[in-house]
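Reviewing the structure listed below.
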Amino acid sequence: MKTILKLAAGALMLSAASMAAQAQTVKVGIAAEPYPPFASPSASGAWEGWEVEIAKAICAEAKLDCEITPVSWDGIIPALTTKKIDFIAASMSITEERKQTIDFSDKYYNTPTVVVGAKGMAMDATPEGLKGKILGVQVSTVHENYAKKHFGGTAAEIKEYQTQDEANQDLAAGRIDATQADSIALDAFLETDQGKACCEVKGTVADDPDVLGLGVGFGVRKEDTELKEKLNAAIKAIRANGTYEAISKPWFDFDIYGG
């Protein structure tokens, strides 16, 4: 009888341990600053947007119990390395510089980088075109690094902002001449009444993979190889089974996955 009770107790402990493991939450870090159409808080405070939907689809495919966790953009990599979050889903470009600290999944989208400026102002997305201009960029982004590398010698000033929205607001107010960012994010700004009134795309910057990276991936800790494999498998699966396309279609009229 004692043996049976011990076996039963052991089975219960194993079952409880299994349930606890299954219930473990994976914290998905997104940037706390609104970045439409990728991620923005709704009126109720819930986060929504294309990237949020993709992250949730990835979690469902990988059978991960995920919790969307907003983190300040400039602190998102430290939040990952200190295990406050478990992976990053925040339009983070895969670059060699970042790979010195963290690892990445395969890409899940890739879009061009553009310069947007005031209507009627002569400029283009080249060092010559931005000569003497004030260019706004979001701090701690590939766009800041690119602007400093390619436009720092000709622009009058490279002005840094904590959020892209702040750069957009200063552009609309005439406090800067142009801003550089992901084409989709700036398209969202140009579709607003404010954006339509003030600004237009001045051109696509020349590609520099060393700075702009090779697309956007989920950021993971270097040691989390099992999680990285799950994310990669899930990216392939939702691309193959139509989920990726179904999520993207209401947001974009092209394949955001890119080349």
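The values are calculated or read from the model by the stated rules, or taken from the named source; none is laboratory data. The structure displayed is predicted, hence computed values, not measured ones. Please note: Cβ atoms are built from the backbone with ideal geometry, for glycine as well, and neighbour counts cover all protein chains shown. Accessible surface areas use protein heavy atoms only, side chains included; no ligands, DNA or RNA. Shrake-Rupley method; radii C 1.70, N 1.55, O 1.52, S 1.80 Å.
Remark: C-alpha extents of the range 31-158 on the principal axes read 51, 36, 22 Å, sorted largest to smallest.
Taking the Cβ-Cβ separation of Glu245 and Thr82 as r and a Förster radius of 35 Å, what is the calculated FRET efficiency to the nearest 0.05?
Working: r = 36 Å, r/R0 = 1.03.
Result of the calculation: an efficiency of 0.45.
Share of carbon and sulfur in the accessible area of the chain stands at 54%, probe radius 1.4 Å.
Distance from the Cα centroid of the range 77-149 to that of the range 20-72 is 21 Å (rounded to whole angstrom). Using the 1.4 Å probe convention, the accessible area of the range 120-180 works out to 43 Å² per residue with neighbouring protein chains retained.
Number of Lys-Lys pairs in the range 133-259 under 15 Å by Cα, sequence gap 8 or more or different chains?
7
A convex hull fitted around the alpha carbon atoms of the chain yields 143 Å³ per residue. Charged neighbours of Val28, selected by a Cβ distance under 11 Å, balance to -2 (K, R count +1; D, E count -1). Please list log₁₀ I(q)/I(0) at q = 0.16, 0.27 Å⁻¹ for the range 192-259, using the Debye equation with identical point scatterers on the alpha-carbon positions. Ignoring solvent entirely, the Cα scatterers give -0.88, -1.17. Cβ under 14 Å from Leu227's Cβ, Leu227 left aside: what net charge do those residues give with Lys, Arg +1 and Asp, Glu -1? So the surrounding residues net to -2.
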